[in-house]
Amino acid sequence: MSDYKISIHDMPMDERPRERLLKYGPETLSNAELLAIILRTGSQKENVINMCSRIFSEYNIKQLSQANIANLTKIHGIGTAKAAQIAAIFELARKLEGFSDEPKRKIRSPADVYSILYPGMREHKRERLVALLLDTKNQVIREELISIGSLNANIVHPREVFKAALMESCASVILSHNHPSGDPTPSREDIAVTEKLVEGGKLLGIDVLDHVVIGDGRYVSLKDEGYVR
């Protein structure tokens, strides 16, 4: 019988990924073995370890983490259920990267905004505008997704930006969006949207403290650039 058809249960106990993890720790397992524990089963023609080894021979871990459900299901042996498992584990990893033990994260500089938002923004292929809702001590109450797609002053309306802020009785907000190109240089539309939202915030008594544009490993603060006053 081909090794590809041998099920996990037919393997010696000391060769099974789950048993090796329990005995030696997760750090001793390969990427393929770790993924095999998550997916649990292979296909009729291929056991789960061989399937995961094949996946990692075709994709590195970063490429796999960036793949959406549609692309994951194009991988031989991966249906919607397994694609959802893969997407879920990488999303948990992204959330862990941005996690803090502090009850509330305090914003002291644009670098703080970047550290909070970059893990969740860096892999998106489309622009995402978010608002950090802050209390009177500049502590983050929560993060609010405002829009997905290229920023346009005619589309991004202050009503959508400040609706959640009003519900939370926020003192101020900080805006941020990503540039999928990796270059965080603000565009004319970025500046126009920022100026429009700053004015809208003044009418509502909610200060827009900054708009941070996030690129690939770097950022630009529109406040530092003189566009937020």
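Can you classify the stretch 1-63 as rounded, prolate or oblate using the Cα gyration tensor, where a ≥ b ≥ c are the square roots of its eigenvalues, rounded means a/c under 1.5, and otherwise it's prolate if a/b beats b/c and oblate if not?
Working: a/c = 2.19, a/b = 1.01, b/c = 2.17.
Judged from the Cα gyration tensor, the stretch 1-63 comes out oblate (a/c at least 1.5, b/c at or above a/b).
Between I89 and K202, what's the calculated FRET efficiency when r is the beta-carbon distance and R0 is 41 Å? Round to 0.05.
The computed FRET efficiency comes out at 0.40.
With r as the distance between the Cβ atoms of H124 and R18 and R0 = 35 Å, compute the FRET efficiency 1/(1 + (r/R0)^6) and round to 0.05. Don't skip to the end; give the middle numbers.
Details: r = 33 Å, r/R0 = 0.95.
Approximately 0.60, to the nearest 0.05.
Given H placed 1.01 Å from N in the peptide plane, which residues other than close sequence neighbours of V208 have an amide H under 5 Å from its amide H?
So V208 has HN proximity to V173.
With an 8 Å Cα cut-off and a minimum separation of 6 or more residues, compute the relative contact order for the stretch 125-194 in percent.
About 41 percent, as a whole number.
If the reach is capped at under 20 angstrom between alpha carbons, list the aspartates and glutamates near K104, excluding any in the same chain fewer than eight residues apart.
Those aspartates and glutamates meeting the cut-off are D112, D135, E143, E144, E168, D207, D210.
Once you keep just the Cα pairs under 8 angstrom separated by 6 or more residues, what percentage relative contact order results for the chain?
Numbers: 321 pairs, mean separation 30.1, N = 229.
So the answer I get is 13 percent.
Treat every Asp and Glu Cβ in the stretch 90-229 as -1 and every Lys and Arg Cβ as +1, leave all other atoms uncharged, and give the resulting dipole magnitude about the Cα centre to the nearest 20 debye. Let's see the in-between values first.
Details: 20 positive and 22 negative charges, 34 e Å.
In total the dipole reaches around 160 debye.
Here are labelled values, [x] 115; [y] 155; [z] 146, and one is the computed volume of the Cα convex hull per residue in Å³ for what I pasted. Which one?
So the calculated entry is the one marked [z].
Return the distance in nm (one decimal) between the two label points of a simple spin-label model at K106 and D224, each offset 7 Å from Cα along Cα→Cβ.
The modelled label-to-label distance comes out at 2.1 nm.
Quick one: putting +1 on the C-beta of Lys and Arg, -1 on the C-beta of Asp and Glu, what dipole do you get for the stretch 63-172 around its Cα centre, in Debye to the nearest 20?
180
Using Cα atoms only, what is the angle between the long axis of helix 110-121 and the major principal axis of the chain, expressed in degrees (0 to 90) to the nearest 10?
So the inclination is approximately 40 degrees.
Give me the tail of P(r) for the stretch 119-229 as a percent: Cα-Cα pairs with distance above 22 Å. Don't skip to the answer; put the middle values down first.
Numbers: 1478 of 6105 pairs.
For the stretch 119-229, the share of Cα pairs beyond 22 Å comes to 24 percent.
I need to check one value: relative contact order of the stretch 20-121, counting alpha carbon pairs closer than 8 Å and at least 6 residues apart, in percent.
It rounds to 18 percent for the stretch 20-121.
Checking the table K95/K125; K95/K196; K106/K223 against a 25 Å threshold on Cα-Cα, which pairs fail?
In this structure, K95/K196 lie more than 25 Å apart at Cα.
In whole percent, how big is the carbon plus sulfur part of the accessible area of the chain, probe 1.4 Å, protein atoms only? The partial results should precede the final answer.
On the way: 6840 of 13290 Å².
The nonpolar share, carbon plus sulfur, comes to 51 percent.
I need the peptides 35-47, 9-21 ranked by packing, meaning the mean over residues of other C-beta atoms within 10 angstrom, with the highest value on top.
Answer by packing, highest mean first, reads 35-47, 9-21.
Per DSSP H run of n ≥ 4, the term is -39500 (n - 2.57); total these for the chain, divide by its residue number, and report the mean residue ellipticity at 222 nm rounded to 500 deg cm²/dmol.
-12500 deg cm²/dmol
Keeping all protein chains in place, calculate the accessible area per residue for the stretch 61-201 (probe 1.4 angstrom), answer in Å².
Values: 7610 Å² over 141 residues.
For the stretch 61-201, the solvent-accessible area averages 54 Å² per residue.
In the P(r) worked out for the stretch 167-207, what percent of Cα pairs fall beyond 11 Å?
69
I'd like the antiparallel share, as a percent to the nearest 5, of DSSP beta bridges with both residues in the stretch 75-229.
Numbers: 17 of 24 bridges.
Of all bridge pairs located within the stretch 75-229, approximately 70 percent are antiparallel.
The values are calculated or read from the model by the stated rules, or taken from the named source; none is laboratory data. These numbers were taken from a predicted model, which means no experiment stands behind them. Every residue, glycine among them, receives a Cβ derived from its backbone with ideal geometry; neighbour counts consider all protein chains shown. The area values use the complete protein model at the heavy-atom level, side chains included, leaving out ligands, DNA and RNA. Shrake-Rupley method; radii C 1.70, N 1.55, O 1.52, S 1.80 Å.
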